[in-house]
Amino acid sequence: MATLIDPTASVDPRAELGEDVEIGPFCMVGPDVVIGQGTRLVSHVSLTGAVVLGRENTVGRFSAVGCEPQDSSYRGEPTRVEIGDRNAIHENVTISRGTQKEDGVTRLGSDNILMANVHVAHDCLLGDGVRLGLGVLLAGHVRIGSHATLDDGSVALQFVTVGCDSLARPMTKVGRDLPPYMVARGNPGEVCGVHAQGLRRRGLVGPDVAAMRMAHRLLFREKVEACRAEERLLVLELLTPAVRQLLIFLSAQRAGRLGRARGH
């Protein structure tokens with residue numbers, strides 16, 4: 001199948017388009033854009049600045065990718081957006097380029113779903129299989145681990161890290177790092193349970209889930225210090241690799257500021 005460009009679209013001749021790309025009505029593609037094979041821009045999509053879109057992505061109506069970062073320090077430096085493969089970016093999504101405060105890139109992995117009205121600010125890094133619900137807002141420099149989910153209306157503040165396979169319930173304000181495999185809710189968001197589905201998604205069942213539930217009980221309900229919790233979990237033979245990952249995450253969080261390992 002050949003590349004299809006609607007006659008109402010504006011595509012700079014310097015843009016690089018792969019095979020089977022579909023560019024719908026009233027889309028705008030700038031000169032520094034690379035679009036991989038099988039990617040589809042539905043309609044009224046704007047790709048500006050340096051943007052790399054991988055294979056088989058879908059970008060919904062009125063979305064803008066590669067916008068200038070909404071950061072007062074930005075002075076037109078050559079920064080970019082990099083997006084992997086098979087992402088579903090729905091209507092009215094905005095994704096800003098990076099700044100030189102970090103690596104100059106806003107990056108999304110593969111197989112992510114961004115529902116309508118999501119905003120991904122400058123210098124955010126998303127892993128693979130991330131789910132962002134309706135109206136989710138990510139401030140600058142946010143890190144989202146693979147297979148994490150932020151439900152509808154949630155927000156993540158600057159420099160927050162959301163661990164892999166974690167879950168923020170609807171309307172949660174994530175102002176502190178959200179540990180892997182945990183569930184948070186509220187404003188401010190607080191850890192309220194174990195994301196058992198996330199563990200199962202990783203193929204961890206039975207004893208692994210029980211170990212994580214005990215770790216959650218000690219760390220977040222009984223407020224046991226991490227080093228003592230680790231000792232008790234070791235004695236109980238519940239110090240699984242996933243629990244170790246949780247403890248390492250919490251150690252980094254404590255070393256940061258304001259509950260953020262990367263706090264500023």
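Just so it is clear, none of the values below were taken in a lab; they were calculated from the coordinates. Small disclaimer: the values here were computed from a predicted structure and weren't measured. Backbone-built Cβ (ideal geometry, glycine too); neighbour counts: all protein chains shown.
For a label point 7 Å from the Cα of Ala252 along Cα→C-beta, name the residues of region 98-140 whose backbone N is under 14 Å from it. Residues 125-127 qualify, since their backbone N sits under 14 Å from the label point. What is the set of long-range amide H partners of Ala9 at a cut-off below 5 Å, with H atoms built 1.01 Å from backbone N? Under 5 Å from the amide H of Ala9 lie the amide H atoms of Phe26, Cys27, each far enough along the sequence or on another chain. Here P(r) over Cα pairs in 10 Å bins from 0, in percent was calculated from the structure, and among (1) 8, 29, 30, 19, 10, 3, 0; (2) 6, 24, 28, 20, 11, 6, 3, 1, 0; (3) 8, 35, 38, 16, 3, 0 it sits at label (1). Relative to the dominant Cα principal axis of the chain, helix 226-235 is inclined by about 70°. Protection proxy ranking, highest mean first, for peptides 196-202, 139-145, 56-62, 31-37: 139-145, 56-62, 31-37, 196-202, where packing is the per-residue count of other beta-carbon atoms within 10 Å, averaged. Dipole size of the chain about its Cα centre, with +1 on Lys/Arg Cβ and -1 on Asp/Glu Cβ: approximately 1200 debye, rounded to the nearest 20. For the chain, relative contact order (Cα pairs under 8 Å, six or more residues apart, normalised by length) works out to 8 percent. If both residues of a DSSP beta bridge must be in the chain, then about 10% of such bridges are antiparallel. Each Cα pair under 8 Å and six or more residues apart adds its separation to the average, and for region 200-255 the resulting relative contact order is 37 percent.
Kindly express, to the nearest 10 degrees and within the range 0 to 90, the angle between helix 207-216's C-alpha long axis and the longest C-alpha principal axis of the chain. Roughly 80 degrees between the two axes.
Structural descriptor for region 34-191: relative contact order 13 percent, calculated from alpha carbon pairs under 8 angstrom and at least 6 residues apart. Summarise the long-distance tail of P(r) for region 16-58 by giving the % of C-alpha pairs beyond 13 Å. Cα-Cα pairs of region 16-58 separated by over 13 Å account for 45 percent. Here region 205-264 and region 58-111 have alpha carbon centers that stand 33 Å from each other. Helix 241-255 and the longest principal axis of the Cα set of the chain meet at an angle near 80°.
Between Gln197 and Lys101, the FRET efficiency from the beta-carbon distance, with R0 = 51 Å, is close to 0.90. Each 10 Å bin from zero up to the one holding the largest Cα-Cα distance in region 4-141 carries the following percent of pairs: 14, 49, 32, 5.
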